[in-house]
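Encoded as structure tokens, the structure appears first; notes follow it.
The values are calculated or read from the model by the stated rules, or taken from the named source; none is laboratory data. Keep in mind that what you see is a predicted model, and the values were worked out from it rather than measured. FYI the Cβ positions are ideal-geometry reconstructions off the backbone, even for glycines, and counts take in every protein chain you see. Side chains included, ligands, DNA and RNA excluded: accessible areas come from the protein's heavy atoms. Shrake-Rupley method; radii C 1.70, N 1.55, O 1.52, S 1.80 Å.
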Amino acid sequence: MSKRIEVKDLNVYYGKFKAVEDVSLTIEPRTVTAFIGPSGCGKSTFLRTLNRMHEVIPGARVEGEVMIDGKNLYDADVDPVLVRRQVGMVFQRPNPFPTMSIADNVLAGVKLNNNKMSKSDAEHLVEKSLKGANLWKEVKDRLNLPGSGLSGGQQQRLCIARAIAVSPEVILMDEPCSALDPISTLAIEDLIDELKAKYTIVIVTHNMQQASRVSDKTAFFNIAGTGEPGKLIEFDDTTTIFENPHVQATEDYISGRFG
Amino acid sequence: MTALVVPAPTSARHLSKAVMWITAGVSALVAFGIFAVLSAAGISEGFNIVAAVFVSAILFVLLSYVLSRIVEGRRKASDRLATGLVTTAFIVALLPLVSLVSTAFVNGLPRLDPLFFSSSMRNVVGQGGGGLHAIIGTLEITLAATVISVPIGIMTAIYLVEYGTGRLARAITFFVDVMTGIPSIVAGLFAFALFAIVLGPGIRFGIGGAVALSILMIPVVVRSTEEMLKLVPNELREASYALGVPKWLTIVKIVIPTAIGGIITGVMLSISRIIGETAPLLIIVGMSTSMNYNLFSDRMATLPVFVYTQYASQGSDAQAYIDRAWTGALVLIFIVMALNLIARLVSKLLAPKGLR
């Protein structure tokens, strides 16, 4: 189900501005990889290049290669829509569709693509996805109520359920817990740990404890100053990054000396 | 010497609500008294209720300011003055509307009978007759104009918000703004010239009026739809893209359903905007005294033009014509009101639920 991601010499631009410079790293299947770094260092931008979501922003473009199981995402014949079906995404702020019920939100990826589905299959998929997102017990009696009536943490888990319902290979999470309270955060972190068995997960976080708790590998990004591009400073096992970093800037950042 | 510490006061004298009500009553009494005397003395023609309300509002603002200045001091007096002025401005804005509706109602009521809704003006030169042909004509032409404008307007708005970048989008926005300011008579002349080229001079039919009205309607639909689409959070679009949903399906199934309440309200308001247009219809649709259900041939009657012709060319019994004109105006007001109420109801029913 999950796939290896290899990034080679990736540069990301917004118009003429170079936002991310020269990133190369390899993300192994069925692992959790965390991106940490100060605000504006290009973590989120880089994350969005992994499923071509940066293209939604006018003027954004990419140089370099992102290989998913040997296939370059930026080849001319690649359809970004098909890429996004394989590489799902969860956003910083929970964004369930306000016009849809909880069940319809989970089925959104299937239904919006005009795929027909029998009622029992649909029910089965809703239950499976919500169970996968640890939300089933809380919402099973109100599947037909609007998704926007849930609490923030529940909405975020609903968004995760929605992402896994289209059975992607990779799930990208862009600061999924930054708008949530500690208890909801814990629920999502537990969920990430379970999802790891099936999916490759990449998570951007500002919370270094969270990175150390949930991830197997950690990448530290930094910028030299405003207007400069963000760079990948260090990428290694999470334990190495947090206990024995090789670069001084990494140590300064994780020990709270800046950022 | 130790300074004497005076605690800052936290209570102050103030005018009670009862006093304010009494002030309001006195101002009203004085204003209405003045106008009653004026009308009794024959100086003004009848009792002028609009002027009386206006004068009593002004009197109340002045009185309460003076009272408050004496009892409460300067700060609260200024507050009362500002509140009073804002409220008076609201009343001034509302008075013409109330006056207009009440006048139309009083004058239109005598002929608001079943006959008005069941007969045309065919072979009527005096009393009797009705505006059914005009009501049907207005509804048909407005419906046709809506059918033409709504798809064009909504698709233009979708282009501007979802696809449009650069010079073409800026040009479209500019021309939509220009179109908003087109005088309605020019729209009528345009439709007339257009159909005269194609179908020969002197052409008059309902669909031409619909084309003229849609020129007035499209910019309003574009503008309101554009605003509604811009209100849809970008996060919803991104959430949809991230599920591997193509852009056009995202627009059709996420963006439009989220904004549909506002879009429908905008369409309804644009209909209210054009349903009372007279000048373009006078040119391209003309007028008829008989029933004509066919949009595509011959002149048609419409309510605004009906009102105009009833007033402008009175027959043997002038009062009967004037009464019909008022009733036509009243029916038009009713239709607009009904459309506005429906718009509110629809936007309430279709608004996304549970939004915080």
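Can we say B:T23 is open to solvent by 100 Å² or more (accessible area, probe 1.4 Å) and farther than 30 Å from B:V336 by Cα? No, not satisfied. Scanning region B:122-134 for residues that are open to solvent by less than 20 Å² (accessible area, probe 1.4 Å) and in a helix (DSSP H, G or I) yields a total of 2.
Residue-by-condition table, conditions (1) aliphatic (A, V, I, L, M); (2) within 14 Å of chain A (Cβ to nearest Cβ); (3) open to solvent by 50 Å² or more (accessible area, probe 1.4 Å):
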position: B:S224; (1), (2), (3): no, no, no
position: B:L236; (1), (2), (3): yes, yes, no
position: B:S240; (1), (2), (3): no, yes, no
position: B:L249; (1), (2), (3): yes, yes, no
position: B:M287; (1), (2), (3): yes, no, no
position: B:D298; (1), (2), (3): no, no, yes
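Based on this model, can you work out whether A:D190 counts as at negative phi, surrounded by fewer than 21 Cβ atoms within 10 Å (Cβ to Cβ) and assigned to a helix (DSSP H, G or I)? So A:D190 fits the description; yes. Could you say whether any residue in region A:3-25 is farther than 24 Å from A:K217 by Cα, polar (S, T, N, Q), more than 17 Å from the chain's Cα centre (by Cα) and open to solvent by 50 Å² or more (accessible area, probe 1.4 Å)? No, every residue in region A:3-25 fails to be farther than 24 Å from A:K217 by Cα, polar (S, T, N, Q), more than 17 Å from the chain's Cα centre (by Cα) and open to solvent by 50 Å² or more (accessible area, probe 1.4 Å). The requirement of being in contact (Cβ under 8 Å) with a residue 40 or more places away in the chain, hydroxyl-bearing (S, T, Y) and touching a Gly at 6+ places or on another chain (Cβ under 7 Å) is satisfied by B:S224.
Look through B:L269, B:L282 and report the one residue that is open to solvent by 30 Å² or more (accessible area, probe 1.4 Å), at pLDDT below 90 and either more than 14 Å from chain A (Cβ to nearest Cβ) or in a helix (DSSP H, G or I) (or both). Just one listed residue meets the conditions, B:L269. Out of A:R162, A:R84, I need the residue that is in contact (Cβ under 8 Å) with a residue 12 or more places away in the chain, surrounded by 22 or more Cβ atoms within 10 Å (Cβ to Cβ), over 26 Å from B:L350 (Cα atoms) and facing chain B (nearest Cβ under 10 Å). Which one? Result: A:R84 is the single residue among A:R162, A:R84 that is in contact (Cβ under 8 Å) with a residue 12 or more places away in the chain, surrounded by 22 or more Cβ atoms within 10 Å (Cβ to Cβ), over 26 Å from B:L350 (Cα atoms) and facing chain B (nearest Cβ under 10 Å).
Candidates A:R61, A:R84, A:R93: the one that is closer than 23 Å to B:R237 by Cα, part of a helix (DSSP H, G or I) and either charged (D, E, K, R) or in contact with a helix residue (DSSP H, G or I) (Cβ under 8 Å, 6 or more places away or on another chain) (or both) is A:R84. Of the residues that sit in region A:112-131 and are facing chain B (nearest Cβ under 8 Å) and open to solvent by 20 Å² or more (accessible area, probe 1.4 Å), which one is nearest to the chain's Cα centre (by Cα)? Selected residue: A:N113. Residues in region B:68-89 that are open to solvent by 60 Å² or more (accessible area, probe 1.4 Å) and closer than 19 Å to B:G25 by Cα: B:R80, B:T83, B:L85, B:T87.
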